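The values are calculated or read from the model by the stated rules, or taken from the named source; none is laboratory data. Small disclaimer: the values here were computed from a predicted structure and weren't measured. Heads up, the Cβs are rebuilt from the backbone with ideal geometry, glycines too, and the neighbour counts pull from every protein chain shown. The area values use the complete protein model at the heavy-atom level, side chains included, leaving out ligands, DNA and RNA. Shrake-Rupley method; radii C 1.70, N 1.55, O 1.52, S 1.80 Å.
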Amino acid sequence: MPKILIIPGSLRAASSARATARAIEARFVDKADFDVADIGALPHYNADVLNDPAVARFVEQVGAADGVLFVTPEYNYSIPGVLKNAIDWASRPAYASVFKDKPCFIVTVSGGVTGGVRAQAHLKYVLNGMLARTHPCKEVLVTQANDKLTEGVLTDEAVLGFIDTEFTPFIESLA
Ligand SMILES: Cc1cc2nc3c(=O)[nH]c(=O)nc-3n(C[C@H](O)[C@H](O)[C@H](O)COP(=O)(O)O)c2cc1C
């Protein structure tokens, strides 16, 4: 089974992005081995910081993954700073990092009606800058996420069905 690293873009325990990531993991648990990155453990990016264990673990997780699944909210029309910080840590050496040629899949999640579409575009741009391979598919957006969660679980069948349709070819491409 392919190994998929989930990188959530929100640190909140009650995060709708994390709830979405959990729902995807539950639906595909028989088709992939999932791991979840703890990006909240990473220090602020600083090239002077060497041998940080949280950074080493994160870089190792990205390197070991057959594919990376980003599930993130949009903050102020872009990706959350905490997510950009994590990406920056794993982005060196430039154009030859663990993200080079890494298959990536993006899900954005928002309390609003736009579903984080701007963060989705910005994340693709950032991944392109590291020569990662963003999976080509219809954009997977979870709009008005609060209405689609039941007790912290993503339960909206229409959204879950759409995720199945778009995420299945990504998993199959890694096999
Ligand atoms: C600092 C901040 C900025 C936000 N900016 C946006 C935004 O630009 N677009 C949007 O759709 N939602 C925005 N939101 C609302 C988020 O979509 C909403 O809070 C969402 O639930 C956050 O994701 P989470 O539940 O995974 O933590 C913002 C929220 C915060 C806290």
remark   = Residue pairs qualifying under the 7 Å Cβ cut-off, at least six apart or on distinct chains, with the first in the range 69-96 being more than 19 Å from Ala121 (Cβ to Cβ) and open to solvent by less than 10 Å² (accessible area, probe 1.4 Å) and the second being of a type in the set (S, T, N, Q) and modelled with pLDDT of 95 or more, are Ala90/Ser97
message = Being of a type outside the set (S, T, N, Q) and under 14 Å from the mean Cα position of the chain (by Cα) is the requirement here; does Val159 meet it?
response = no
message = Given (1) touching a residue at least 24 places away in the same chain (Cβ under 8 Å); (2) away from the ligand (no atom under 15 Å from the Cβ); (3) open to solvent by 10 Å² or more (accessible area, probe 1.4 Å), identify the lone condition not met by Arg22.
response = (2)
inquiry  = So in the range 104-159, with the set limited to residues that are under 27 Å from Pro2 (Cα atoms) and among the polar types (S, T, N, Q), which one is nearest to the ligand (Cβ to nearest atom)?
reply    = Thr108
query = Which one is modelled with the lowest pLDDT among residues in the range 132-161 that are in contact with a Lys or Arg (Cβ under 9 Å, 6 or more places away or on another chain) and surrounded by 15 or more Cβ atoms within 10 Å (Cβ to Cβ)?
reply = Leu154
message = Could you check the range 139-152 and list, in sequence order, the residues that are under 16 Å from the mean Cα position of the chain (by Cα) and assigned to a loop (DSSP other than H, G, I, E, B)?
response = Glu139
note = Residue pairs qualifying under the 8 Å Cβ cut-off, at least six apart or on distinct chains, with the first in the range 154-169 being over 12 Å from Cys137 (Cα atoms) and the second being open to solvent by 30 Å² or more (accessible area, probe 1.4 Å) and not in a helix (DSSP H, G or I), are Thr155/Leu149
task = Mind counting the residues in the range 97-124 that are touching a residue at least 12 places away in the same chain (Cβ under 8 Å), within 15 Å of Tyr77 (Cα to Cα) and open to solvent by 10 Å² or more (accessible area, probe 1.4 Å)?
result = 9
query = Taking the range 48-68 as the region of interest, how many residues are assigned to a loop (DSSP other than H, G, I, E, B), open to solvent by 50 Å² or more (accessible area, probe 1.4 Å) and either without any contact (Cβ under 8 Å) to a residue 40 or more places away in the chain or of a type in the set (Lys, Arg) (or both)?
reply = 4
key: Test set (1) open to solvent by 40 Å² or more (accessible area, probe 1.4 Å); (2) more than 15 Å from the ligand (Cβ to nearest atom); (3) within 16 Å of the chain's Cα centre (by Cα); (4) among the hydrophobic types (A, V, I, L, M, F, W, C) - Phe28 fails condition number   = (1)
inquiry  = What's the number of the only condition in (1) touching a residue at least 40 places away in the same chain (Cβ under 8 Å); (2) among the basic types (Lys, Arg); (3) within 14 Å of the ligand (Cβ to nearest atom) that Arg12 fails to meet?
reply    = (1)
